[in-house]
Amino acid sequence: TPRDITLANPVIEVTDKPAPVRPHIVHIMLDGYSRQDVLAQDYGFDNNDFLAALRARGFKIAPGATTPYNQTTLSLAATFQGGYLDHDKLAALDENDVWLRRRLMDKITDGPVHEILKRQGYAFFATSVGLTGFYHYPDDTMLLGAMSQGRRWTFEQTFLYNRNVKSITPLADWITWRGLQQLNQDVRFSFDFSRFGAPIAAALSAGKPIHLYQHILSPHPPFTITSEGEDTKAWLPYTRYIATGNAIIYGQSARRKAYAAGYLEKLRYTNQALLAHIDHLVAAIPEPRVIIVQSDHGGSAFYNHDALKSTCNRERYGTLFAVQAGPEASFIGDRPGGGYNTVNIYRDIFAAYFDLPTPPLPANSYFAAWNALRRFEPVDLSAQQSCE
C-alpha cells in the first residue's frame, strides 16, 4: 500500500529551502498525561510542584492545552502531518480501521514532518514504546534499545495476545505478568538517557542536528509501577496491557477509584523520572535545542471510547504541553487562556526556526469512536457531561 498519501488538510508542504537554524529536537510524548486543572478537578491531585520544576528548567507551559483528537493514532498523526485529518481522504481509503490505524502510525514516523527534517540533514532516533510496538520506523531512524523491527508487536497484537493467553490457564497469570514487567522495563529505559545516549552523542560529534522521538507509555495503563519505579501487582485486577477507559471501568465506581489511584501512582513516577531525564538531556544536547513534552490525550477515568455523550471532554482533551526552546521560538506565547492545540507543534517549530509559511491552525477538537475511526464529531470543550 502506498505510504505517501497525505491524510491531512492543510498539510505542511515539503521543501528543500535551507533552514536558518537547525535546532536539536527532543520530542517526549507522555501517553495519557492530563492537564493540571483536570488532575485537580477530576483526580484531586495537585501537580503544581512538578510544573514549577519544569518552569525552573526553562519550560513554558500551556495551561489550557488541548488535543485535536481523542485517540492516540488520530492525535499524533495530526501533529506529525501538521494539519487536521481530512475526512474525505480517509473515507476514500479502501481498508478497515485496523489497517487505517497502521497507516496513521506510519505517517507519524515517515510523513511530511520527517521528510522536511530529513532534507535538513537531521539524524533520527527513537526509543521503543515497548511490547506494544506501535510504529514502523523507516531505515533512517535508529531505534534505541529495542528488539528488531520484525519481532516487535503491533498495537492490535497486544489485544489478541491478552485475549488468547487467558485460555492457557494456569500459565495465563504468569505470562501476563511477565509482559507487564517488560512494559515497565521499557518505560524505565526510556527515562534513562545514559542507557541509549551513545549513538546520539556520536551524531552530535559529527555535527548533525538530531531528532529524538520518545513515545512513553506513562502514565497510561497498565498501572503496574510504583511512584519509585518498582513493579507492583496492586492494580492487577483493574489493568491489562493498554486497555483504558470504559474497557477497564465498566461504569463501576470501585473500578474508577482504582483506576485513579493507579494512574496517580504512575504519574508520580513519571514526574520524577522525567525531571531527571530532562537534566541529562540538557547536559548532553547543546543549544539551539527544543525539548517538547506533550501528551496525545488526557486520562480515561471518565472516558468512553464508543460514545462522546458518555465522555468527560475536559479530562480526555485537556493535555500536558510544555516546551523548552530559545527566545526565537515563542510558540506558546500569550494565547488566550493559555490555550495550545498540539496539531500546531511542528507548524510552529518550522515557522520559528526554518522560516517556513506554517502559521498555527485554529484550535479544534474532534471525537471518533473506536470502531468508527473516520467519523469525526466536533467537540464542545466547555461541555461538562460525564465529568462526575
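The values are calculated or read from the model by the stated rules, or taken from the named source; none is laboratory data. Since we're looking at a predicted model, the values are computed, not measured. Here Cβ is always computed from backbone atoms with ideal geometry, including for glycine, and neighbour counts include all displayed protein chains. Ligands, DNA and RNA are stripped out before the accessible areas are found, and what is left, the full protein with its side chains, is counted by its heavy atoms. Shrake-Rupley method; radii C 1.70, N 1.55, O 1.52, S 1.80 Å.
Things worth noting here:
- The one condition from (1) within 30 Å of Tyr122 (Cα to Cα); (2) open to solvent by 10 Å² or more (accessible area, probe 1.4 Å); (3) assigned to a loop (DSSP other than H, G, I, E, B) that Glu95 does not meet is (1).
- The number of residues in region 275-307 being open to solvent by less than 40 Å² (accessible area, probe 1.4 Å), among the charged types (D, E, K, R) and more than 30 Å from Gly251 (Cα to Cα) comes to 1.
- Only one entry of Gly44, Gly82, Gly64 meets the criterion of being among the small types (Gly, Ala, Ser) and surrounded by fewer than 14 Cβ atoms within 10 Å (Cβ to Cβ), and that entry is Gly44.
- Arg22 among the charged types (D, E, K, R), over 18 Å from Tyr303 (Cα atoms) and part of a loop (DSSP other than H, G, I, E, B): yes
- Residues of region 316-334 that are surrounded by fewer than 24 Cβ atoms within 10 Å (Cβ to Cβ) and either closer than 17 Å to Tyr250 by Cβ or among the β-branched types (Val, Ile, Thr) (or both): Val323, Ile332.
- Checked against (1) open to solvent by 10 Å² or more (accessible area, probe 1.4 Å); (2) more than 18 Å from Gly32 (Cβ to Cβ), Val113 passes all but condition (1).
- Applying the criterion of being at pLDDT 95 or above, open to solvent by 30 Å² or more (accessible area, probe 1.4 Å) and not charged (D, E, K, R) to the residues of region 365-381, the residue that is farthest from Leu104 (Cα to Cα) is Pro378.
- Here Asn344 does not fit the description of being closer than 28 Å to Gly44 by Cβ and buried (at least 19 other Cβ atoms within 10 Å of the Cβ).
- Selection status of Ala77, under 24 Å from His305 (Cβ atoms) and not hydroxyl-bearing (Ser, Thr, Tyr): yes
- Only one of Ala77, Ala65, Ala56 that is free of Cβ contacts under 8 Å to residues at least 60 places away in the same chain, among the hydrophobic types (A, V, I, L, M, F, W, C) and closer than 24 Å to Ala352 by Cβ: Ala56
- Extreme residue, nearest to Ala19 (Cα to Cα), among residues of region 116-126 that are in contact with a Phe, Trp or Tyr (Cβ under 9 Å, 6 or more places away or on another chain) and open to solvent by 10 Å² or more (accessible area, probe 1.4 Å): Gln120
- Of the criteria (1) farther than 23 Å from Thr311 by Cα; (2) in contact with a Leu (Cβ under 8 Å, 6 or more places away or on another chain), which one Pro68 fails: (1)
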